[in-house]
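The values are calculated or read from the model by the stated rules, or taken from the named source; none is laboratory data. Nothing here was measured: the structure is a model prediction, and the numbers come from that model. Here the Cβ positions follow ideal geometry from the backbone for every residue, glycine too, while neighbour counts run over all protein chains shown.
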Amino acid sequence: AEYGMILVETQGRVGVIRLNRPQALNALCDRLMDELGQALLAFDADDAVGAIVLTGSEKAFAAGADIKEMRDRTYPAVYRDDWIGEKWETVLRVRKPVIAAVAGFALGGGCELAMMCDIILAAENAKFGQPEINLGVIPGAGGTQRLTRAVGKSKAMEMILTGRMMDAAEAERSNLVARVVPTGQLLDEAVKLGERIASLSAPSVAMAKEAVNVAHETTLREGVRFERRLFLSLFATEDQKEGMAAFVEKRKPNFRNA
Ligand code: HXC
């Protein structure tokens, strides 16, 4: 596919999507979100890809939804079009792990997009924030919910009510990100992480992702029941037999995603 606002490539078994609208700090306009959605679904459907990395530039992962495009939107139109549901939530439909590799600004919708991914790796120069309050609005793509679940109520309140940004060290301390890496190594580290995941059995990876995501959405009892169903179902796969045989035989497993 031909894209204008993103760059797409594969590195080994990792699909890499780079937001590429530098003149606007990767502000997330409709066209960019449409392209991102297409690229995500294409990698999700590609058997050669086992994990996806989503990144931006060194200056900005994404500085939020495009304010210039948003300013004149009307309520009837955004409601009719289900604007956010339609443009913003494609990443939630992806079955493979999606790693957000964040350098520079991840603000507003940019922070929300990163939080919709499965793992956030942060560069040392990363800055996270939900500055919508400065625009007379509030986060609209899950920020009040996902930031609160990630960092807790008090810090989420402080950030969302004031628009203050959080640097990478604070983001790591607050459990918003998995890890901080030197800025120049961000993409390499993200791809390495993706490669590790892609080398494992795809059915178990997809189920592990699904089960962790359920933890946010249900009770402990239901979540544990869900996990147990998935766990037991993996005994129907060849990869379970192979993985356990390889351990016993002291060799590397040869997973066939079956
Ligand atoms: C449109 C944006 C933009 C945005 C930056 N630009 N962010 N355009 N929408 N969100 C544009 C600027 O207008 C400018 O274009 C160019 O990118 C460079 O930005 P500067 O402001 O000159 O850069 P700098 O001084 O380095 O400041 C960086 C910044 C600042 C701190 C990140 O750009 C900023 O505050 N941006 C807005 C952040 C924000 O409020 N995000 C939340 C949006 S609301 P020109 O043409 O002037 O040179 C949101 C809600 C999502 O995300 C809800 C779900 C859909």
Determine, yes or no, whether Ile138 is in contact with a helix residue (DSSP H, G or I) (Cβ under 8 Å, 6 or more places away or on another chain) and under 17 Å from Leu113 (Cβ atoms).
yes
Residues of segment 80-123 satisfying the condition of being surrounded by fewer than 23 Cβ atoms within 10 Å (Cβ to Cβ) and at positive phi:
Asp82, Gly104
Can you tell me how many residues in segment 1-29 are surrounded by 16 or more Cβ atoms within 10 Å (Cβ to Cβ) and not in a loop (DSSP other than H, G, I, E, B)?
10
Take Ala39 and tell me if it is surrounded by fewer than 24 Cβ atoms within 10 Å (Cβ to Cβ), of a type in the set (A, V, I, L, M, F, W, C) and within 13 Å of the ligand (Cβ to nearest atom).
no
Mind listing whichever residues of segment 233-254 are of a type in the set (A, V, I, L, M, F, W, C) and either under 16 Å from Ala202 (Cα atoms) or within 30 Å of the chain's Cα centre (by Cα) (or both)?
Leu234, Phe235, Ala236, Met244
Where in segment 156-249 are there helices (runs of 4 or more DSSP H), lying fully within it, with 1 or more residues that are among the acidic types (Asp, Glu) and under 19 Å from Gln145 (Cα atoms)?
168-173, 202-214
Residue match in segment 47-60 (condition: more than 21 Å from Ala178 (Cβ to Cβ), among the hydrophobic types (A, V, I, L, M, F, W, C) and either away from the ligand (no atom under 15 Å from the Cβ) or at pLDDT below 95 (or both)):
yes
